[in-house]
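Comments concern the structure below.
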Amino acid sequence: MSLFNARSAWTIYKRELFRAFRTALQSIIAPVLTTTLYFVVFGAAIGGQMQGGMGGVNYGAFIVPGLLLLTLLGESTSNASFGIYMPRFTGAIYELLSAPVGVAETLVGFVGAAATKSLILATIILVTASFFVDYSIAHPVYAFGYILLVSASFSLFGFILGIWADSFEKLSVVPMLILMPLTFLGGTFYSIQVLPEPWRSVAMANPVVYLVNGLRWTFYGSSDVSIGLSLGLTLLFLAICVALISWIFRTGWRLRA
Amino acid sequence: MQSILEISGLTKTYAGGFTALRGVDLSIRKGEIFALLGPNGAGKTTLIGAVCGLVRPTSGTIHAFGEDMATHWRSLRARIGLVPQELATDMFEPVLRSVGHSRGLFGLPPDPAKIEEILRALSLWDKRNDQIRMLSGGMKRRVLIAKALAHDPELLFLDEPTAGVDVELRRDMWRQIALLRERGTTVILTTHYIEEAEEMADRVGVINKGEILMVDEKQAMMERLGRTEALITLTQPLGDVPDSLSAFPVSLDKDGTVLCYRGGGGDGDSAGTSEVAELTKALTRAGIDYSAIDIHESSLEDIFVDLLDGGAA
Ligand SMILES: Nc1ncnc2c1ncn2[C@@H]1O[C@H](COP(=O)(O)OP(=O)(O)OP(=O)(O)O)[C@@H](O)[C@H]1O
Ligand SMILES: [Mg+2]
C-alpha cells in the first residue's frame with residue numbers, strides 16, 4: 001500500500017471543515033468584531049493623533065499586517081489545537097488511531113483544515129480593514145505566501161499544543177499567556193524602531209517581531225528586520241514543528257496508551 | 001484451520017506501572033466468532049487496543065493475516081474494524097455523514113449503496129440525517145458498528161457490543177453478528193454476558209488479570225468442565241457425609257440440610273444423571289429421607305465462575 005492515502009487525508013480535512021462551519025458564527029463573527037474594535041481604537045482614535053504615521057506609512061494602514069497576524073496566530077493555534085484535543089478528550093480519536101493513517105495524512109487533514117480556516121479569516125479581516133483604512137499590498141504574491149506559511153506553521157504548533165494538553169486549561173493557557181503577550185510586544189501596533197534601548201534589543205529576542213515584520217514587508221516593502229531573516233526564522237519554526245510531530249507519531253506520545 | 005490473528009507473548013505495562021496483559025498467547029481462526037470473556041479490568045479492552053493500534057505493546061508480537069502488525073500496520077489496519085467499548089465519536093455529526101467519513105478515513109472511495117445497506121441492516125436508515133447525539137444509547141452503539149463496517153473489515157473487534165442494549169435489540173445484534181460470520185467476517189467480541197458467549201461464539205477465551213486462563217471450543221469447554229449438579233434437600237440435617245455415601249462426589253451445605261452433588265461429564269453426558277439416580281438409591285438404603293431434588297447441568301457461567309475462583313486461589 002502507498003505511503004500516503006489522499007482519500008484519508010481528504011476525509012479528515014473535510015470533516016474538520018464541517019466542524020468549523022458548525023461554529024461558523026463564533027469563528028467568523030468574533031474576529032471581525034475584534035478587528036473592527038482595534039481599528040476604531042488604534043486606527044481611528046489613536047492613529048488620528050499620530051500625524052507622521054509610522055515607518056513612513058499612515059498609522060491605520062500600518063497596523064493592518066500586525067492585526068492580521070494577531071488573529072492568524074491566535075486562530076490557527078486554537079483551531080488546530082481544538083481539532084485534535086477534542087477527539088482525544090472524548091475518545092473519538094480511536095477511529096483515527098485504528099485507521100491506516102499515518103502522520104502525513106493526519107497533518108495534511110488537520111493542519112490543512114486549520115490553515116484553510118485561517119486563510120478564510122485573513123480574507124475577512126482584510127476586507128473588514130478596507131472599510132476603515134486605505135491600504136495597499138506591495139507584494140501580493142509574497143503576502144499570500146507568507147500568510148499561508150504563518151497559518152500552516154501555527155496550525156502545526158496548535159496541533160502539538162492539542163496533543164500536549166491534558167486539560168482545557170492548558171489548552172487555553174498557551175495562547176493566552178504566551179502567544180498573546182508576545183504578539184502585543186512584538187510590534188503589532190508599532191515599529192520597534194520607536195522603542196528606546198534597551199527595550200529595542202530586548203524586543204529583538206521576541207520571535208513574533210520577525211513574523212510581524214515579515215508580513216509588514218510584503219505589505220509595504222519595508223520593515224524593521226530583513227525579509228530574508230523573517231522568512232528563514234518562520235521556515236525554521238515550521239521545520240521544528242514538523243520534526244516534533246513526526247516524533248510524536250513515531251513514539252505515540254500522548255496519542256497511544 | 002487457517003489463523004487470521006496470531007498473538008504471542010503480548011505484555012502491556014501502562015505508564016503508571018500497572019501490568020494489564022501478562023504474556024498473552026492467542027490464535028484466532030479465520031471465519032470464527034471468538035468470545036473473550038472476563039470480569040472488569042481483566043485486560044480485554046487493552047488486548048483489543050494492542051491489536052488495533054490504540055495501545056503500544058510493551059513486548060510480544062501480533063501477526064494479522066500472516067504479517068507483522070508492527071511493520072505492516074498500514075495495509076493490515078485497512079482490513080480490521082473496531083467497535084469500541086465507549087460511545088465515543090463526534091456526536092454532532094449526522095449518522096450518514098459519520099459513517100461515510102469512516103469509510104473515507106480508511107482510504108476507500110464513497111459507496112452510498114454500501115452505506116445504505118449497512119444502515120438498513122442496523123435499522124438506522126430512518127435516522128440517517130439525525131445528529132448522533134439525538135439517538136438513544138443503543139442506536140449510538142449501532143452507529144459505531146456501522147462505522148466499523150463501513151470499510152468492509154475481514155476481522156472485526158466488538159468490545160462489549162451489547163452493553164446498554166435491551167434484550168430484544170441484543171438478539172437482533174446477535175443475528176447481525178451471525179450474518180457477518182456467514183459473509184466470512186471473523187469476529188472477536190468481548191462480553192460480560194455468558195449467555196452471549198454461549199449463544200454465539202464458536203470458541204471462548206477466558207481472561208483474568210491479564211492472563212488467558214483457557215481457550216477452547218465452546219462445546220468442548222462445556223463438556224470438559226461442565227458438571228451435573230444436584231441439590232438434595234434433606235428432612236433431617238446431617239453432621240457429616242455418612243461413609244456409605246463417601247464414594248459419591250457430595251458435600252453438605254446450608255448447615256447440613258442440603259446434600260450437594262457435583263459430578264459427571266456435563267453437557268450431553270448422562271453419566272452425571274445416572275450417578276444421581278444411584279445416589280438417591282444409596283440414600284434410601286442408608287435410611288436418609290429427603291424432600292426435594294433439584295438437578296441441573298452447569299452452564300458456561302458456572303464454568304466461568306469456577307475458573308475465576310481457581311485463578312484467584
Ligand atoms: N490508559 C491506562 N492507563 C493505566 N491503566 C490502564 C489504562 N487502561 C486500562 N488500564 C488498566 O488496565 C486494566 C485492564 O483494563 P481493560 O480496560 O483492558 O479491562 P477490561 O477487561 O476491558 O475491563 P471491562 O470489562 O471493565 O471493560 C485495568 O486494571 C485498568 O485499570
Ligand atoms: Mg473493556
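Any chance you could check the range B:102-124 for residues losing 50 Å² or more of accessible area when the partner protein chains are in, compared with the chain on its own (1.4 Å probe)?
When all protein chains are present, B:L105, B:F106 each give up 50 Å² or more of accessible surface.
Could you tell me the relative contact order of chain B? Use alpha-carbon pairs under 8 Å, at least six residues apart, and round to a whole percent. Can you show the working numbers first?
Details: 568 pairs, mean separation 58.3, N = 313.
Reported as a whole number, the value is 19 percent.
Return the value, in Å² to the nearest 100, of accessible area buried between chains B and A (probe 1.4 Å, both sides summed).
2700 Å²
Stretch B:L252-B:D130 to full length: gain in nm at 0.36 nm per residue minus the Cα-Cα span?
Numbers: separation 122, 0.36 × 122 = 43.92 nm, distance 5.97 nm.
Fully extending the segment from B:L252 to B:D130 adds 38.0 nm.
If the cut-off is 20 Å between C-alpha atoms, which lysines fall inside it for B:K127, apart from same-chain ones fewer than 8 positions away?
Hits, sequence-local ones excluded: B:K114, B:K140, B:K147.
Take each of the peptides B:152-163, B:109-120, average the number of other beta-carbon atoms within 10 Å over its residues, and list them starting from the highest. Walk me through the intermediate numbers first.
Numbers: B:152-163: 21.7, B:109-120: 14.4.
Averaged packing, sorted descending, gives the order B:152-163, B:109-120.
What is the percent carbon and sulfur in the accessible area of chain A, measuring with a 1.4 Å probe over the protein chains and ignoring ligands? Working shown, then result.
Numbers: 8170 of 11290 Å².
Of all accessible area on chain A, carbon and sulfur atoms account for 72 percent.
Taking the Cα atoms of chain B alone, what are Rg (to one decimal) and Dmax (as a whole number) in Å?
For chain B, the Cα-based Rg and Dmax read 24.0, 79 Å.
Give me the net charge of B:L87's neighbourhood, meaning all other residues with Cβ under 13 Å from the Cβ of B:L87; Lys, Arg count +1, Asp, Glu -1.
Values: positive: B:R133, B:K140, B:R141, B:R142, B:K147; negative: A:E95, B:E86, B:D90, B:D159, B:E160.
Around B:L87, the charge tally is 0.
Based on Cα positions only, what radius of gyration and what Dmax would you give for the range A:6-251, in angstroms?
18.4, 61
Once the Cα atoms of the range B:25-94 are picked out, what are the Rg and Dmax in Å?
Calculated on Cα positions, Rg and Dmax stand at 13.7, 40 Å.
For the pair A:F131/B:F18, report the inter-label distance in nm, with labels modelled 7 Å from Cα in the Cβ direction.
5.5 nm
For peptide A:83-95, compute the average count of partner chain beta-carbon atoms within 10 Å of each residue's beta-carbon.
Numbers: counts 0, 0, 0, 1, 3, 0, 1, 6, 7, 8, 3, 13, 13.
Partner-chain Cβ atoms within 10 Å, mean over residues of A:83-95: 4.
If you scale each eigenvalue of the Cα gyration tensor by 5 and take the root, what three semi-axes come out for the range B:227-297, rounded to whole angstrom and sorted largest first? Before the final figure, lay out each step's value.
Numbers: eigenvalues 76, 30, 22 Å².
Taking √(5λ) for each eigenvalue gives 20, 12, 10 Å, largest first.
Would you please give the FRET efficiency between B:D243 and B:Y193, computed as 1/(1 + (r/R0)^6) with r the Cβ-Cβ distance and R0 = 41 Å, to the nearest 0.05?
On the way: r = 43 Å, r/R0 = 1.05.
My answer for the efficiency is 0.40.
Which three semi-axes in whole Å describe the equivalent ellipsoid of the protein assembly as shown, each the square root of 5 times a Cα gyration tensor eigenvalue, listed largest first? Please list the in-between numbers first.
Working: eigenvalues 902, 102, 85 Å².
Working through the eigenvalues yields semi-axes of 67, 23, 21 Å.
Please report the carbon-and-sulfur percent of the accessible area for the range B:3-222; probe 1.4 Å, protein heavy atoms only, DNA, RNA and ligands left out. Walk me through the intermediate numbers first.
Working: 4340 of 8640 Å².
Accessible surface attributable to carbon and sulfur in the range B:3-222 totals 50 percent.
Once every DSSP H run of n ≥ 4 in chain B is given -39500 (n - 2.57) and the sum is divided by its residues, what mean residue ellipticity at 222 nm do you get, rounded to the nearest 500 deg cm²/dmol?
Working: 10 runs with 111 residues, N = 313.
After summing the helix terms and dividing by the residues of chain B, the value is -11000 deg cm²/dmol.
How many percent of DSSP beta bridges within the protein assembly as shown run antiparallel, rounded to 5?
Working: 39 of 57 bridges.
Counting DSSP beta bridges with both partners in the protein assembly as shown, the antiparallel share is about 70 percent.
Rounded to two decimal places and with Rh computed the Kirkwood way over Cα pairs, what is Rg over Rh for the range B:117-184? Walk me through the numbers on the way to the answer.
On the way: Rg = 11.6 Å, Rh = 12.4 Å.
Using only Cα positions, Rg/Rh for the range B:117-184 is 0.93.
Other chains near A:3-12: what is the mean number of their Cβ atoms within 10 Å of each residue's Cβ? Write out the running numbers ahead of the final one.
Working: counts 1, 1, 7, 1, 8, 6, 3, 3, 10, 3.
That average works out to 4.
Along the principal axes of its C-alpha atoms, what lengths does the range B:81-148 span, in descending order and rounded to whole Å?
On the principal axes, the range B:81-148 reaches 29, 23, 20 Å in Cα extent.
Anything losing 50 Å² or more of accessible area from the isolated chain to the full protein assembly: pick those residues out of the range A:230-257, probe 1.4 Å, ligands and DNA/RNA ignored.
Checking the loss per residue gives A:R256, A:A257.
Please report the antiparallel percentage of the DSSP beta bridges confined to chain B, to the nearest 5.
On the way: 38 of 56 bridges.
Just about 70 percent of them are antiparallel.
When the Kirkwood hydrodynamic radius is evaluated over all pairs of different C-alpha atoms of the range A:84-208, what value in angstrom, to one decimal, is obtained?
Working: mean 1/r = 0.0578 Å⁻¹.
Answer for the range A:84-208: a Kirkwood hydrodynamic radius of 17.3 Å.
Averaged over peptide B:86-94, how many Cβ atoms belonging to another chain are found within 10 Å of each residue's Cβ? All intermediate terms of the calculation are to be shown ahead of the outcome.
Numbers: counts 4, 3, 8, 7, 9, 2, 4, 5, 1.
The per-residue average across the peptide is 5.
In Å², and per residue, what accessible area does the range B:73-206 have when probed at 1.4 Å with the other protein chains present?
Per residue, the range B:73-206 has an accessible area of 39 Å².
The values are calculated or read from the model by the stated rules, or taken from the named source; none is laboratory data. Source: prediction; values computed, not measured. Virtual Cβ from ideal backbone geometry, glycine too; neighbours counted across all protein chains shown. Note: areas computed on protein heavy atoms with side chains; ligands, DNA, RNA excluded. Shrake-Rupley method; radii C 1.70, N 1.55, O 1.52, S 1.80 Å.
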